[in-house]
Amino acid sequence: MANEALLTTEGLTAGYGAVPIVYGVDIIARRCEVTVIVGPNGAGKSTLLRAIVGEIPVLAGRVRLNGAEVQGMPSNRLVRLGMAYVPQVANVFPSLTVRENLEMGGFRRKSGVKEKISEMCDLFPDLKEALKKTAQNLSGGQRNMLALARGLMSDPTVLIVDEPTAGLSPRYEAVVWDHIVRVKETGVAVIAVEQNTRRALQGADWAYVLVLGRRRLEGTGAELLGNEEMVQMYIGKRGTVAAVANATGTQEEADRESEVGSKP
Amino acid sequence: MSQFFETAGFGLVTASIIALSAVGLSLQFGVSNVPNFAHGEFLTLAAYGLYVGQQLTGSLLIGALIGVVVGGIAAYLVNLLVVEPFVKKGARVVVLLISTTGVSLIVENALGGFFGNTNQIVALPQPVAHHLGPFIWTTTDLLVMLTAVVAITGLYLVLRFTKLGKAQRAVADNRVLARACGINTEQVVAITWVAAGVLGALAGISLATSGGSFGPGLGFGFLLVTFSAAIIGGIGKPFGALVGALIVGLVTEWSAFYVSSGYKQVFALSTLVLALLFRPSGLFTTLRGPAVD
Ligand SMILES: Nc1ncnc2c1ncn2[C@@H]1O[C@H](COP(=O)(O)OP(=O)(O)OP(=O)(O)O)[C@@H](O)[C@H]1O
Ligand SMILES: [Mg+2]
């Protein structure tokens with residue numbers, strides 16, 4: 001029996017100004033599951049997330065959070081309803097210390113901010129040593145961990161992360177995914193957009209493929225991973241690069257190489 | 001040499017007034033990311049608040065309190081009625097520049113129309129001179145400096161340690177992310193405007209009482225030194241503005257003494273130009289590092 005759906009979109013159409021970037025997208029994110037959205041650069045993955053979290057206007061369709069219709073609601077109110085969002089870029093407050101960043105993540109908490117911060121420090125030991133540093137002085141990996149921890153400070157029921165491992169070394173990438181899996185196990189519905197398709201599909205309980213703003217495919221991570229044609233056709237550059245590189249190296253390496261290549 | 005220090009003493013008083021005004025302006029710009037060319041009117045309106053309050057009650061202190069309230073309300077309204085509507089429509093900076101300048105002109109002319117363009121006199125007790133080391137200050141001078149120290153220290157403590165202050169800094173860093181943290185960013189911005197209005201009001205009240213009289217152009221005439229100090233300090237960094245104010249305050253008073261008091265504004269602007277030649281984004285560029293990613 002499927003887990004309870006905590007967040008759904010129905011026919012979600014959104015963009016910047018009046019021009020849609022994503023068209024009629026339906027997704028479901030369930031409790032205790034990682035729902036992954038993959039697709040080529042510019043497919044509209046970040047745009048879809050921004051519309052869900054209330055950062056840009058919804059042109060048509062619905063977003064349901066824990067049963068309530070929330071499309072068009074500003075993001076600060078969605079936090080109170082259990083949503084947390086970790087953007088792809090600019091995902092920390094650079095001039096605030098690590099501790100202050102975490103405090104901001106727990107801004108809506110009535111109590112237990114201190115306890116939650118020490119919980120985050122246990123979860124991400126790197127942050128513990130850096131609590132007094134300003135976020136702009138963190139390494140890329142530490143910054144992404146801080147961004148994730150900041151998102152968790154509000155005890156969300158739905159956690160939405162946009163490319164949590166972009167630009168990270170393989171070691172950090174593994175650590176971050178480890179944490180994402182641990183977060184879902186606490187009863188959270190996680191929605192993750194990920195550049196590294198293979199990695200993402202490995203961690204996914206359910207995955208959607210977004211191409212040119214439309215949902216093209218869905219399935220369990222394993223199903224889509226096994227579908228070489230899907231990788232060839234819809235992951236575009238990455239798929240091709242990976243396939244070519246596969247002749248000389250492992251798939252993992254190929255993915256990472258294309259990752260580095262595609263991110264300036 | 002003694003005159004050098006006496007002049008420096010005036011410079012510190014002037015710097016205190018500039019600091020109040022520039023710290024407010026810089027704070028408001030940092031948090032809301034909107035330039036406000038009507039900032040001078042917070043000073044002017046507060047001075048008229050002081051004047052009217054004193055006329056009605058006979059008390060300088062009550063007049064000053066009224067002035068502060070007037071400055072805070074004026075700032076709240078400028079944000080609510082002029083700036084926010086433009087920001088919501090995605091107006092460019094130049095539109096805000098023009099519209100806030102328009103507000104400034106309207107306020108100045110309305111005050112001139114209502115109170116007349118002649119100067120108003122602030123009734124002050126007989127000045128008493130205090131010799132402190134090489135400096136000579138009147139009681140008013142000392143009160144002005146004390147006000148600046150208390151107000152700016154208070155602001156520092158709020159920004160550094162309170163939930164509101166941290167939220168203000170968070171909004172200044174990244175408004176979108178602040179909203180995603182559950183912060184009501186519109187409210188934080190509005191509160192920041194009020195704070196800027198109150199600081200500007202303290203500057204206006206200080207300016208009116210140090211000068212003894214003022215007219216409708218009081219704040220507008222002070223805008224250039226305010227912007228100079230704020231920009232030298234790195235606009236958007238309130239505590240940089242403090243240092244900018246010290247520099248501009250001392251330079252203008254020394255220039256007034258050694259060159260001519262007619263050139264105060266010229267020297268303020270020259271200081272700004274010189275500072276920008278060497279540090280194009282202000283002296284305190286390191287306070288906020290490069291944008292993330
Ligand atoms: N702020 C914006 N204003 C206008 N158009 C935008 C904006 N941000 C993105 N776009 C456009 O929307 C389209 C989708 O961009 P989006 O960032 O959602 O893609 P993505 O799938 O997240 O890509 P990536 O893998 O590079 O992160 C692109 O064509 C992009 O140029
Ligand atoms: Mg993206």
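Residues of segment A:15-34 that are more than 16 Å from ligand 2 (Cβ to nearest atom) and hydroxyl-bearing (Ser, Thr, Tyr): A:Tyr23 alone. Out of A:Gly39, A:Gly17, one residue alone is within 16 Å of ligand 1 (Cβ to nearest atom), at pLDDT below 95 and in contact with a Lys or Arg (Cβ under 8 Å, 6 or more places away or on another chain). It is A:Gly39. Selection of segment A:54-87 for residues being within 14 Å of B:Cys181 (Cβ to Cβ) and assigned to a strand (DSSP E or B) yields A:Met83, A:Ala84, A:Tyr85, A:Val86. When segment A:114-160 is filtered for residues that are surrounded by fewer than 19 Cβ atoms within 10 Å (Cβ to Cβ), within 18 Å of the chain's Cα centre (by Cα) and within 12 Å of another protein chain (Cβ to nearest Cβ), the ones remaining, listed by number, are A:Gly140, A:Asp155. Within segment B:186-216, the set of residues being outside any loop (DSSP other than H, G, I, E, B) and touching a strand residue (DSSP E or B) at 6+ places or on another chain (Cβ under 9 Å) comprises B:Gly204, B:Leu207, B:Ala208, B:Ser210, B:Ser213, B:Phe214.
Quick one: would you say A:Gly24 is open to solvent by 20 Å² or more (accessible area, probe 1.4 Å) and within 27 Å of A:Gly203 (Cβ to Cβ)? It is true that A:Gly24 is open to solvent by 20 Å² or more (accessible area, probe 1.4 Å) and within 27 Å of A:Gly203 (Cβ to Cβ).
All of A:Arg64, A:Arg50, A:Arg77, A:Arg30 fail the test of being within 15 Å of ligand 1 (Cβ to nearest atom) and open to solvent by 10 Å² or more (accessible area, probe 1.4 Å), apart from A:Arg50. Look at segment A:71-98: where a residue is more than 7 Å from chain B (Cβ to nearest Cβ) and a partner is basic (Lys, Arg), sitting 6+ places away or on another chain with Cβ atoms under 7 Å, you get A:Gln71/A:Arg62; A:Thr97/A:Lys132; A:Thr97/A:Lys133; A:Val98/A:Lys133.
Residues that are over 16 Å from B:Leu199 (Cα atoms), in a helix (DSSP H, G or I) and among the small types (Gly, Ala, Ser): does segment B:41-60 have at least one? The answer is yes, given that some residue of segment B:41-60 is over 16 Å from B:Leu199 (Cα atoms), in a helix (DSSP H, G or I) and among the small types (Gly, Ala, Ser).
At least 3 residues that are out of contact with any helix residue (DSSP H, G or I) (no Cβ under 8 Å at 6 or more places or on another chain) in each: list the helices (runs of 4 or more DSSP H) lying fully within segment B:82-185 that qualify. It would help to see each step written out before you state the result.
Numbers: elements: B:84-88, B:93-115, B:139-161, B:163-173, B:175-180.
Ranges flagged: B:93-115, B:139-161.
The values are calculated or read from the model by the stated rules, or taken from the named source; none is laboratory data. This is a predicted model, so every value here is computed, not measured. Backbone-built Cβ (ideal geometry, glycine too); neighbour counts: all protein chains shown. Remember, those area values only see protein heavy atoms, side chains included, never the ligands or the DNA or RNA. Shrake-Rupley method; radii C 1.70, N 1.55, O 1.52, S 1.80 Å.
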